[in-house]
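What follows is one structure encoded as structure tokens, with my remarks underneath.
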Amino acid sequence: MKCILSFSAGKDSVLTLHKLKQAGHEVTGLLVMMNRALGRSWFHGIDPDLLAAIAESLGLPLLLCESAGEDYHLAMEEGLRRAAAGGAEACAFGDIDAEDNAAWCRARCEAAGLKPLFPLWHRDRLENTREAIALGYRCVVKCVRNRDLPPSLLGRALDEAVLREMAERGIDVCGENGEYHTVVLDGPLFRQPVPYECRELLDFGNITAVNIVRDAGREAGAWEP
């Protein structure tokens, strides 16, 4: 089936893409919701240049949909209609077990005439995270909720040591409750690693994020731990 992927560039989105490919679906592109005021993706705060580099490495077109916030659902539906006009029959989402979120996604798809797909639905949260790591995806911590995790985790790639540190703090190590978000910059589906640089920390009150940018001065395929 031809499908567009609702894409955050985080670990669950990339694992969803991996599962879609395994199941034989044809992914027509990556739909990313953008914060009009900030010029970055909603929730993960990724700039368009880094998003473009990720999409290029994945070999998929990027569909950016701007929203001011209050019109988020309408902007999403418009993006889905554009995807449908381009041949998509379905939209895939990385939701795992949040029924309210899944219901919202189904409503957006219904408005756009697309079938909703949830490849990760009701899979174990920790299993998803560990599978993404085991497959070789480089999932870099992009932002943390301050009451749950320290900023010292920002810029670190998920591994068993990081997961243990998170578990010791009593949080859901999958981050499904908003404890943290990641950006994936390398892995089996990437043609080459996305070169990147971690810059300044950004304080949003209850959230701290690291500004991760594409490193144009570093050769494609190169990164440093």
statement: Residue hits (the range 115-170; touching a residue at least 60 places away in the same chain (Cβ under 8 Å) and more than 30 Å from CYS91 (Cα to Cα)) are ASN146
query: Hey, any hits in the range 160-180 for a residue that's within 19 Å of LEU51 (Cα to Cα) and surrounded by 17 or more Cβ atoms within 10 Å (Cβ to Cβ)?
result: yes
query: Has the range 123-139 got at least one residue that is touching a His at 6+ places or on another chain (Cβ under 7 Å) and basic (Lys, Arg)?
result: no
- line: Taking the range 174-202 and keeping only residues that are at pLDDT below 95 and over 16 Å from the mean Cα position of the chain (by Cα), one is left with LEU202
message: Need the failing condition index for ALA111 against (1) over 18 Å from the mean Cα position of the chain (by Cα); (2) surrounded by fewer than 20 Cβ atoms within 10 Å (Cβ to Cβ); (3) more than 23 Å from CYS3 (Cβ to Cβ), just the number.
response: (3)
message: Being among the hydrophobic types (A, V, I, L, M, F, W, C), modelled with pLDDT of 95 or more, part of a strand (DSSP E or B) and closer than 28 Å to TYR137 by Cα: is that true of MET34 here?
response: yes
query: Is it true that ALA112 is assigned by TED's automatic domain parsing to the domain that holds LYS21, in contact (Cβ under 8 Å) with a residue 12 or more places away in the chain and not aromatic (Phe, Trp, Tyr)?
result: yes
query: Just to be sure, is GLY69 modelled with pLDDT under 95 and not in a helix (DSSP H, G or I)?
result: yes
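The values are calculated or read from the model by the stated rules, or taken from the named source; none is laboratory data. What you see is a predicted model; the values in this text were computed from it and never measured. As a convention, Cβ positions derive from the backbone with ideal geometry for all residues, glycine included, and neighbour counts pool all protein chains shown.
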